[in-house]
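Input: a single structure, listed below in structure tokens.
Just so it is clear, none of the values below were taken in a lab; they were calculated from the coordinates. Just so we're clear, the structure is a prediction, and the values are computed from it rather than from any experiment. Cβ coordinates were reconstructed from backbone atoms using ideal geometry, including for glycine residues, and neighbour counts include every protein chain displayed.
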Amino acid sequence: MQDTLRITEVFYSLQGETRTAGLPTVFVRLTGCPLRCQYCDSAYAFSGGTLRTLDDLLEQVAGFRPRYVCVTGGEPLAQPNVIPLLKQLCDAGYEVSLETSGALDISPVDPRVSRVLDLKTPGSKEAHRNRYENVELLTPNDQVKFVICSREDYDWAVSKLIQYGLDRRAGEVLFSPSHHDLNARELADWVVADNLPVRLQLQLHKYLWNDEPGR
Ligand SMILES: C[S@@+](CC[C@H](N)C(=O)[O-])C[C@H]1O[C@@H](n2cnc3c(N)ncnc32)[C@H](O)[C@@H]1O
Ligand SMILES: Nc1nc2[nH]cc(C(=O)O)c2c(=O)[nH]1
Ligand code: SF4
Ligand SMILES: [Mg+2]
């Protein structure tokens, strides 16, 4: 029996988030997540999916001839075989990123991967799942993201930014409005008023393609 992963979708699109926003990227979305963030835009990946071998997945990714590959979900780290997948994607020469809730240990991830650690805010209703040991492991190749639902979430994110010196640990600190919960302009004005060392992130794919799966 070959190593397998449960996969919801593999698609080629423009990266809508993070430091590679706007760049053509292959997305590999793993099925299943132990969290239930109030705002989750990918709930269709909680169940279902198809069991795929690593070889089969690597071959499909190669068919797009990408430079960038983003492994997301669901929660990718909930499937142990994501670790060899990430290594093999790096070995194949792609620039690989991993989107993770940060509820699971990020230490086994290949150091060539840019880990995008989402620190869950109180507004997500899953902040109790944050594994703060992960914060100590961040390097300049990694990114930290806060998805912000309200002014209370913003104040909480600023307190974590200061408490952990996140802008010095990670290569990027991203503040993203929770789509439907918070107006992007309001968040932009707060970031400027407070002169924060963070990047406002808008989900480009939602402006381009609304909320369609596979885009
Ligand atoms: C769908 S999750 C999958 C990866 C992983 N489970 C996680 O939470 O990082 C990918 C990213 O989308 C963000 N996201 C989900 N729903 C969102 C929304 N309504 N508005 C803004 N960002 C959202 C998540 O917070 C996370 O940073
Ligand atoms: N275009 C596009 N960019 C993305 N970046 C992160 C995504 C995700 O769902 O994790 C995503 C997505 O679903 N689509
Ligand atoms: S951890 Fe990620 S996939 Fe899971 S519910 Fe939260 S946003 Fe959705
Ligand atoms: Mg998405």
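Set the Förster radius R0 to 41 Å, insert the Cβ-Cβ distance between Tyr44 and Gln163 as r into 1/(1 + (r/R0)^6), and round the FRET efficiency to 0.05. Working from the Cβ atoms, E equals 0.75. Between Asp105, Asp56, Asp167, the GNM of the chain built on Cα springs shorter than 10 angstrom shows Asp56 fluctuating the most. Per residue, the average separation of C-alpha pairs within less than 8 Å and at least 6 apart gives the chain a relative contact order of 19 percent. Once the range 4-209 is represented by equal point scatterers at the alpha-carbon sites, with solvent omitted, what log10 I(q)/I(0) does the Debye formula produce at q = 0.12, 0.16, 0.18 Å⁻¹? Debye curve over Cα of the range 4-209, log10 I(q)/I(0) at q = 0.12, 0.16, 0.18 Å⁻¹: -0.58, -1.06, -1.35.
Relative to the longest principal Cα axis of the chain, at what angle does helix 151-164 sit, 0 to 90 degrees, rounded to 10? The answer is roughly 80 degrees. Relative to the longest principal Cα axis of the chain, at what angle does helix 184-193 sit, 0 to 90 degrees, rounded to 10? Taking the Cα atoms of the chain, the angle to 184-193 is about 60 degrees.
Under a 5 Å amide H cut-off, with hydrogens placed 1.01 Å from N, Ile148 pairs with Ser176, Ser178 among residues at least 5 apart or on other chains. Taking amide H positions as modeled 1.01 Å from N, with prolines and chain starts lacking one, the residues under 5 Å from Gly73 and 5 or more places away or on another chain are Leu30. Sorting 171-179, 115-123, 205-213 by average packing, meaning the other beta carbons within 10 Å per residue, from highest down gives 115-123, 171-179, 205-213. Between helix 82-91 and the chain there is an angle of about 80 degrees, using the helix long axis and the longest principal axis of the Cα atoms. The length gained on full extension between Asp155 and His128, counted as 0.36 nm times the residue separation minus their Cα-Cα distance, comes to 8.0 nm.
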